[in-house]
1. What dipole magnitude, in Debye to the nearest 20, does the chain give about its Cα centre under +1 on Lys/Arg Cβ and -1 on Asp/Glu Cβ?
2. So, in Å, what gap is there between the alpha-carbon centers of segment 26-67 and segment 93-171?
3. Give me the accessible area per residue for the chain, probe 1.4 Å, as a whole number in Å².
4. Quick one: helix 2-14 against the long Cα principal axis of the chain, what's the angle to the nearest 10°, folded into 0 to 90?
5. Roughly to the nearest percent, how much of the accessible area of segment 119-259 is carbon and sulfur, given a 1.4 Å probe?
6. Would you indicate which of (1) 19.0; (2) 17.4; (3) 28.1 is the value of mean projected area of the Cα convex hull in nm² derived from the coordinates of this structure?
7. State the extension gain, in nm to one decimal, for the chain segment bounded by Gln27 and Asp305, taking 0.36 nm per residue of separation less the distance between their alpha-carbons.
8. Below 13 angstrom from the Cβ of Thr244, what's the summed charge of the other residues (Lys, Arg +1; Asp, Glu -1)?
Amino acid sequence: MASTSKTTMGSESLIPRPNISQIKNKQLRQEMYRKMKQEKRKEKIKEKKRKMKEAKESGVEVPKQVPKTIENMRVPDETMVNQEDEEVQLDEAQDEMSSYFNRETTPKILLTTCDRPGPRTNKFCKELKKLIPNTELLYRRGLDLKKIIPQALSKNFTDLIVVNEDRGIPNGLVISRLPDGPTAQFKVSNVKLTTEIKNAGKLSSHQPEVILNNFNTRLGTSVGRMLASVFPHDPEFQGRRAVTFHNQRDFIFVRHHRYVFRNAKRVGLQELGPRFTMKLRTLQKGSFDSKFGEYEFIHKRHEMDTSRRKFFL
């Protein structure tokens, strides 16, 4: 009897699994596929536990497996920055933002829009004004940017920010360091105003802390320093405000939060808004000049977006 049962089990293991794609009934096909996925998952977990048990019994330490992601499979970039490099430190000491980081200048921002902006763009600009301290909002009313820049310089503004739109929706952001640049142009997407964020907190007047994540290349360092230089030097930590610029696959996610202390050990985050995403299109030397400007970086989609594992910031 024992030999019969063994033969039966062996013959069952040799029987191939049915081809699910040949099942014509859609519901039955989906059910069979779900069961097959569950079985595979259980077998994988069982095999993992068996290997861990064997390694524990033999005294061998099992290396922790790191999941493969687009970030950790990134193509190595020769422009990756080591902040302890003397050449990098020398370049940063002489770049256009050095006066800010040497505390020689205090940020004073002039924020304006495209000509005749829609209501949503106006609301977005008002929230940007609250997000970035020491910002003055100017409505264009048909005034050319080349005329705005001399006026901004005469009033000691350090940066010019221009919000552009398409069909009433904010879709672009230009940040120009005055008077010598650089000028960065970003594509803006996924804009969420404070009123559209669930359980958004009330904004205080405290100066925020600025957090920069994953700006690792020469280009990324320049962009990160440029974003940091529009905020005041000394954050007021008692206000618990934090503005985060998180770079992931060349998309810069902008978030505005407040720390919420649950108890002595637990800390949470309450979003304040606005929330949006930026992607660098161009980085230009000097102040804004769309015709004759000298460009350090131009994003060319058909040439640069050829690999999902190559990033520039």
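The values are calculated or read from the model by the stated rules, or taken from the named source; none is laboratory data. It should be emphasised that the depicted structure is a prediction, and the values quoted were computed from it without experimental measurement. Positions of Cβ are generated from backbone atoms using ideal geometry, with glycine treated the same way; all protein chains shown enter the neighbour counts. Remember, those area values only see protein heavy atoms, side chains included, never the ligands or the DNA or RNA. Shrake-Rupley method; radii C 1.70, N 1.55, O 1.52, S 1.80 Å.
1. For this selection, approximately 2720 debye.
2. Their Cα centres are 55 Å away from one another.
3. Per residue, the chain has 67 Å² of solvent-accessible surface.
4. It works out to around 40 degrees.
5. With neighbouring chains kept in place, the figure for segment 119-259 is 48 percent.
6. Computed from these coordinates, mean projected area of the Cα convex hull in nm² corresponds to label (3).
7. Full extension from Gln27 to Asp305 adds 96.1 nm.
8. +2
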